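Everything below concerns the one structure shown next.
The values are calculated or read from the model by the stated rules, or taken from the named source; none is laboratory data. Computed from a prediction, not measured in an experiment: that's the story for all the values here. So basically every Cβ, Gly included, is an ideal-geometry build from the backbone, and we count neighbours across all protein chains shown. These area figures cover heavy atoms from the full protein model, side chains too; ligands, DNA and RNA do not enter into them. Shrake-Rupley method; radii C 1.70, N 1.55, O 1.52, S 1.80 Å.
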Amino acid sequence: MDIFVGALETGRDFFRDAALIAFHELELFEALLSPMSLESLASTTHLEAHHLRALLDVGRSEGWVVEEAGVYSIAEVPAAPKSHPTAGWGKIAEAFRANKPQALFETPGALEAYQNHLFDLSSPVADELVVRCVEPCERVLDVGSGYGAYGLAALHGFKKARVTLVDEAAVLASGANVQESYGERVERVAVRAEEMTFDPIYDTVLVANLLHLHGPDRNRAILARCACALRPGGRLIVLDLDPAKEPTLAAYFSLNMAIYTELGRVYDVETVSGWLREVGLEELRVERLIRAPSSYVIVGR
Ligand SMILES: C[S@@+](CC[C@H](N)C(=O)[O-])C[C@H]1O[C@@H](n2cnc3c(N)ncnc32)[C@H](O)[C@@H]1O
């Protein structure tokens, strides 16, 4: 679960209008008068294929474009909405032309508000994940932890467990009060996940809602570092949004990532499973959680 999922469920028209405005501003309907591949569209429009793919996926979900054997063509050209959001989603065309992600958390308190809300949304899911998918363990690594919803759930589940939370320094510092009551059972390490160098001491490594923020190369690097931190027989657990469950939601989520991150998008089970096998994990199994029906959990060892 992510905050954006809730926002999309309540404000779908806003996001649809913003995507449609971007289609018009980037002149994609004009360009697709001649059906073409993603790569040809990128070279015709001088835009990044990654950005275009995210917009085209939303266009497909909304019925504006169709794709057949990798060739995109127009199905319908709805008129551009009149009202225009001003920031973030209102600047899709500008951000894609500049090939620069929009800034997040610019206003004071925005990071804390986001992380607090995410912690509240993730905690019940994390409790279910621990009950259903995590074996009794003593050392837990929560990578891209935010305020630690998943790692702290493991502490509730296993009385001998200790957790290491990995995130940016600013996130860990602002979440310290959330973890205060756990004392020495919580360790905070500010390091980029793709640069972690932990000894192989962890029974369980949790990677929840992190991979959608990054491109494939960085995700491979993150998972490789996670695998190195596992003790023999330990388990790596990845939770993320499943595009197969909710294709329209996933298309909008990926567009959100294209707006706010460099190369993030939603990845399917097969892609993430392939990365996990590349870093040496075997016996992969996919679990589903009642409290996160739009997500998958992949457990590997
Ligand atoms: C969407 S939040 C998920 C938080 C928590 N795991 C959850 O599911 O509630 C992603 C977190 O990963 C952190 N993050 C993103 N890229 C990271 C990286 N390369 N290394 C470490 N942390 C990262 C972000 O700062 C953010 O707190």
Among (1) surrounded by fewer than 16 Cβ atoms within 10 Å (Cβ to Cβ); (2) in contact with a Pro (Cβ under 6 Å, 6 or more places away or on another chain), the one test that Ala176 misses: (2)
State yes or no: is Pro124 modelled with pLDDT of 95 or more, over 25 Å from Pro232 (Cα atoms), open to solvent by 40 Å² or more (accessible area, probe 1.4 Å) and more than 10 Å from the ligand (Cβ to nearest atom)? yes
Can you name every residue in region 42-60 that is open to solvent by less than 40 Å² (accessible area, probe 1.4 Å), more than 30 Å from Arg288 (Cβ to Cβ) and within 26 Å of the chain's Cα centre (by Cα)? Ala42, Leu47, Ala49, His51, Leu52
Picking from Trp89, Trp64, which residue would you name as being modelled with pLDDT under 95 and surrounded by 14 or more Cβ atoms within 10 Å (Cβ to Cβ)? Trp89
Would you say Asn219 is farther than 26 Å from Arg139 by Cα and either touching a Gly at 6+ places or on another chain (Cβ under 6 Å) or within 14 Å of the ligand (Cβ to nearest atom) (or both)? no
So in region 179-209, with the set limited to residues that are more than 12 Å from the ligand (Cβ to nearest atom) and more than 25 Å from Gly233 (Cα to Cα), which one is most open to solvent (accessible area, probe 1.4 Å)? Glu184
Condition first: part of a loop (DSSP other than H, G, I, E, B), open to solvent by 10 Å² or more (accessible area, probe 1.4 Å) and either within 10 Å of the ligand (Cβ to nearest atom) or of a type in the set (D, E, K, R) (or both). Now tell me which residues in region 146-173 satisfy that. Lys159, Lys160, Glu168
Any residue at all in region 97-113 that's open to solvent by 20 Å² or more (accessible area, probe 1.4 Å), within 14 Å of the ligand (Cβ to nearest atom), aromatic (Phe, Trp, Tyr) and in a helix (DSSP H, G or I)? no
